[in-house]
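Asker: The following block contains the structure, expressed as C-alpha cells.
The values are calculated or read from the model by the stated rules, or taken from the named source; none is laboratory data. Keep in mind that this is a model prediction, so the values were computed, not measured. No Cβ is skipped: glycine too gets one built from the backbone with ideal geometry, and neighbour counts run over all protein chains shown. For the accessible areas, the whole protein counts, side chains as well, though only heavy atoms, and no ligand, DNA or RNA atoms are used. Shrake-Rupley method; radii C 1.70, N 1.55, O 1.52, S 1.80 Å.
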Amino acid sequence: MKGLVYKSTGSWYTIKDKAGKFWNARMKGIFKIDDITSTNPVSVGDEVEFEIENENENTAVIVKIYDRRNYINRQSPRVKYQHHIVAANIDQALLLATLKEPRTSRGFIDRFLVASEMYHVPAIIVFNKSDLHKKKEDEKFEQLKTMYEQIGYKVFLISVKDNKGIDELKKEFRGKATLISGHSGVGKSSLLNVIFPGINLRTKDISGWSGKGQHTTTFAEMFDLTPAGEGKIIDTPGMREFGLVDISKQELSHYFPEMRKRLTDCQFNNCLHINEPGCAVKEAVINGEISEDRYVSYINILDSIEEKNY
C-alpha cells in the first residue's frame, strides 16, 4: 500500500493511506537513501510503500521510500556533521518572523532563504505581530519588504492577535504543502490555530511523546488544511538555528538570487566576492543594486562555513 508520512517520532511514523486511514508504522531494516548521512531516514512528507502488520492495531511496516522531489534539512541537533531531514516533497517554505517581542535576526531570515534556495523550495516571509508596531517597526518592515521583494520573495505583514492579513495569507496555502518555520515565540501555534481551527488539540499533545531530555525540535508534523486535503501544513517546532549542512564557501553566492545572476561577470570564476579584483557582486553593492545588508549577511554566513578537510 502507498501512503504519506504525516508524523515522525524517531522510530515510529504516522502514515495516511489513499483512503484517508492513519497507520502507525516502523521501518523494515535500514534504508540508505540518496547516499546522505541522515539521522532520520524517513521524514514527514515522504511517500512510502508499506505493508499491514496488524489490521486491528493499525500497525504497519515501511518497506520502500519513493524518490523525493526535494527536502529541507539542517544539522542534526545531536551530531554536528549529520543531517536531520526536516521535511520532504515541499511546495513552499514559510518563515514566520517578528520585528518585536522577539526580534527575528536578519541573519536567521537570510540563512532560512539560503537553505530554501539550496533545496529548491520557494520561500515566503511573513512578519507577525503588526499590532505591536510603532512608527519605527513600520518603517523597518517597509524597508525589508522592498528589499526582499526586489530579490523575488513574497513578503506579508499579519497580526494573528487582530486577525489582520490572515485571509490574504490563507490563499497562499491552497493546494500546496507548506513548511512553516520560525523562532519560538513568533506566534506559530497561534497562526496555525487561526488558519486551521481544531489544530489546537493536536499541537498540545505533541509534547507528550518526546519525553524529558529529548529535543522536541526533532519532530515535525503535517496537517491537512481541509478534510479533502487541499493543502497541507508542515509544522516544524521552533528552530534555534539553521545549520547549513554540506555547503561550501564557493557555492554560497549561488543561493543569493541577486548575486547568482552576476556571477558570470566576475573576473575570477572562483571569486568569493570579498576583496578579489573585478568582482561584479561588490560593484553591484557599491552601486546600490545589491543591498548592503544582504551583502553583510552573505559575509557572515561565509565566515560561519567550516570547510571540511577530507
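Asker: Can you list the helices (runs of 4 or more DSSP H) found entirely within the range 231-304 that contain at least 1 residues being under 24 Å from residue 96 (Cα atoms), open to solvent by 50 Å² or more (accessible area, probe 1.4 Å) and at pLDDT 95 or above?
Answerer: Here the list reads 292-304.
Asker: Is it the case that the range 126-139 has a residue that's open to solvent by less than 50 Å² (accessible area, probe 1.4 Å), over 23 Å from residue 296 (Cα atoms) and in a loop (DSSP other than H, G, I, E, B)?
Answerer: yes
Asker: Quick one: in the range 98-125, of everything that is among the charged types (D, E, K, R) and part of a loop (DSSP other than H, G, I, E, B), which residue is surrounded by the most Cβ atoms within 10 Å (Cβ to Cβ)?
Answerer: For the range 98-125, the residue satisfying everything is 100.
Asker: A further question on this structure: Being outside any helix (DSSP H, G or I) and under 12 Å from the mean Cα position of the chain (by Cα) is the requirement here; does residue 93 meet it?
Answerer: yes
Asker: Right, another one. So, of the residues in the range 69-90 that are closer than 25 Å to residue 303 by Cα and in a loop (DSSP other than H, G, I, E, B), which turns out to be modelled with the highest pLDDT?
Answerer: So the residue we want is 82.
Asker: I need the full set of residues from the range 39-52 which are touching a Phe, Trp or Tyr at 6+ places or on another chain (Cβ under 9 Å) and modelled with pLDDT under 90, in order please.
Answerer: 41, 42, 43
Asker: A further question follows. Collect the residues in the range 286-306 that are under 17 Å from residue 255 (Cβ atoms) and β-branched (Val, Ile, Thr), keeping them in residue-number order.
Answerer: 290, 296, 299, 301, 305
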